[in-house]
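Notes to accompany the following structure.
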Amino acid sequence: MKRTEMNLGGRNAVEVRGLVKHFGATRAVDGVDLDVREGTVLGVLGPNGAGKTTLVRCLSTLLKPDAGTAIVAGFDVVRQPRALRRTIGLTGQYASVDEKLSGWENLYMIGRLLDLSRKEARRRSDALLERFSLTEAAKRAAHTYSGGMRRRLDLAASMIGHPSVLYLDEPTTGLDPRTRNEVWDEIRHLVAEGSTVLLTTQYMEEAEQLASELTVIDRGKVIAEGRIHELKAKVGGRTLQIRPADPGELNRMVGALAQSGLDGLAGATPDHEEGLVNVPIVSDEQLTAVVGLLGERGFTIAGIDTHLPSLDEVFLALTGQKTSTPQDAATDTEEVAA
């Protein structure tokens, strides 16, 4: 998985090579290579303690890496941190707004710190408060907000400066479904306007909803990467699901496939509860051969479908750990170390 060249003039908004970060004897980030194409969402998956938060902190200049190179939006994260901070946005795992200020004042202040004009800072503050359903609470002090409202305000604050690269570190942990959908919509809106997003998450639904590509990290190392369908195919392959018109022919159909002599068909199994025959498929040619064989043997097929393993199954196969559910209060253990 090593990438040996930096594509400085290409279409990548983030390019990382050999990034390393230690905390004592622990290598929280251990030689990570990473590319994020402009105008896309890269989902970074991994169990608690995998190194996701430490990686984000290095790429957002909050931590200085011990080795390796990272170029974000054309800036070196070590040599050009001040210039980089003006082009990125960051939402960490916990809301970081000033609770003594109102919601509107928080956004306006950050906009001005990012050199927006007074007029533009006001306009962006009003627009983002409306997008995140916070207009009615705009003048209230942030300490009166519920946890979900503070989270939405924090997300709005990370977006006010039109960041070219936005880091979202498990941004929807603890949010209710409606608010989560609002956040997803805003992320899509931002990407449609040209921003690039690096999203860490343990929610597979979130990854499938938003990410163009995925990188899976475990124990500080990249262990898999690619588009969602590519990872599913690598881990589990496809399963052809055949529904005979007569459920009583399930066993006879399995026997016909097993005795055909075609590669891989001995793995066909009946599912009497669902009325299906499941056949592991490794190629389109094999799929065609199975359908042709069953037709030749006189079977009548009522339905046929192909099934890929779920992203949850992929995550479990790669990391040996179950994914989180939206109700979990997931927190990376490396955050404490950092």
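Just the Kirkwood number for the range 173-212, please: inverse of mean 1/r across all distinct Cα pairs, in Å, one decimal. Mind dumping the intermediate values first?
Numbers: mean 1/r = 0.0935 Å⁻¹.
Evaluated on the range 173-212, it is 10.7 Å.
What is the helix-to-structure angle for 147-159, meaning the angle in degrees between its Cα long axis and the longest Cα principal axis of the chain, kept from 0 to 90 and rounded to the nearest 10?
With both axes taken from Cα atoms, the answer is about 80 degrees.
For the range 270-323, what is the accessible area per residue in Å², given a 1.4 Å probe and the full set of protein chains?
58 Å²
How far, in degrees from 0 to 90, does helix 177-192 lean away from the longest principal axis of the Cα atoms of the chain, to the nearest 10?
Tilt of helix 177-192: around 80 degrees.
List the extent of the Cα atoms of the range 70-146 along each of their three principal axes, largest first, rounded to whole Å.
For the range 70-146, the Cα extents along the three principal axes come out at 41, 30, 21 Å.
Quick one: Debye curve from the C-alpha atoms of the range 269-319, no solvent, what's log10 I(q)/I(0) at q = 0.20, 0.26 Å⁻¹?
Log10 I(q)/I(0), no solvent term: -0.86, -1.14.
What does the accessible area per residue of the range 62-107 come to in Å², with a 1.4 Å probe and no ligands, DNA or RNA counted? Before the final figure, lay out the partial values.
Working: 2560 Å² over 46 residues.
Per-residue value: 56 Å².
How big is the chain in terms of Cα radius of gyration and Dmax, in angstroms?
Expressed in Å, the Cα Rg and Dmax of the chain come to 24.3, 77.
Excluding ligands and nucleic acids, what accessible area in Å² is computed for His162 using a 1.4 Å probe, to the nearest 10?
90 Å²
Only four residue types carry charge here, +1 at the Cβ of Lys and Arg and -1 at the Cβ of Asp and Glu. Report the dipole size of the chain about the Cα centre in Debye, rounded to the nearest 20.
Around 1600 debye, computed over the chain.
If you line up the long axis of helix 284-296 against the longest principal axis of the chain, both from Cα atoms, how many degrees apart are they, to the nearest 10?
Helix 284-296 sits at roughly 30 degrees to that axis.
Quick check for the chain: number of Lys pairs with alpha-carbon distance under 28 Å, counting only pairs 8 or more apart or on different chains?
25
Where the accessible area of the range 91-202 is counted over protein heavy atoms with a 1.4 Å probe, how much of it, in %, is carbon and sulfur?
Solvent-exposed carbon and sulfur of the range 91-202 make up 51 percent of the total.
Which number comes out as Rg/Rh for the range 221-272 once both Rg and the Kirkwood Rh are worked out on C-alpha atoms?
1.17
If R0 is 45 Å, what FRET efficiency do you get for Asp176 and Thr288 from their C-beta distance, rounded to 0.05?
Taking R0 as 45 Å, the efficiency between Asp176 and Thr288 is 0.45.
Once the convex hull of the C-alpha atoms of the range 181-276 is built, how many Å³ does it hold per residue, rounded to a whole number?
Per residue, the Cα convex hull of the range 181-276 comes to 180 Å³.
Counting only GluC sites (Glu not before Pro) that sit in a DSSP loop (anything but H, G, I, E, B) with at most 16 other Cβ atoms within 10 Å, what is the longest stretch of the chain containing none of them?
Between exposed loop sites, the widest span is 100-192.
What span do the alpha-carbon atoms of the range 80-239 cover on each of the three principal axes, reported in whole Å from largest to smallest?
55, 37, 29
Checking a compactness column here: for the range 209-251, what do you get for Rg(Cα) / (2.2 N^0.38 Å), N being the number of residues?
1.87
Can you check what the Kirkwood hydrodynamic radius comes to for the range 121-193, Cα pairs only, in Å to one decimal? Working shown, then result.
On the way: mean 1/r = 0.0793 Å⁻¹.
After inverting the mean inverse Cα-Cα distance, the result is 12.6 Å.
Pop the C-beta distance of Asp271 and Asp312 into the FRET formula with R0 = 25 Å and round what comes out to the nearest 0.05.
Values: r = 20 Å, r/R0 = 0.80.
Step by step, r from the Cβ atoms, then E = 0.80.
Would you kindly state how much longer the chain becomes between Arg297 and Lys119 on full extension, computed as 0.36 nm times their sequence separation minus their alpha carbon distance, in nm to one decimal?
Here the answer is 56.6 nm.
Distance from the Cα centre of the range 73-98 to that of the range 114-170, in angstrom?
16 Å
Within the range 79-138, list the trypsin sites (Lys or Arg not before Pro) lying in a DSSP loop whose Cβ has at most 14 other Cβ atoms in a 10 Å radius.
On the way: sites: Arg79, Arg82, Arg85, Arg86, Lys100, Arg112, Arg118, Lys119, Arg122, Arg123, Arg124, Arg131; in loops: Arg79, Arg86, Lys100.
Sparse-neighbourhood loop trypsin sites (Lys or Arg not before Pro): Arg79, Arg86, Lys100.
The values are calculated or read from the model by the stated rules, or taken from the named source; none is laboratory data. Computed from a predicted structure; not experimentally measured. Note that each Cβ is placed from the backbone with ideal geometry, even for glycine, and that neighbours are counted across all protein chains shown. The protein model used for the area step is the full one, side chains on, heavy atoms only, and it has no ligands, DNA or RNA in it. Shrake-Rupley method; radii C 1.70, N 1.55, O 1.52, S 1.80 Å.
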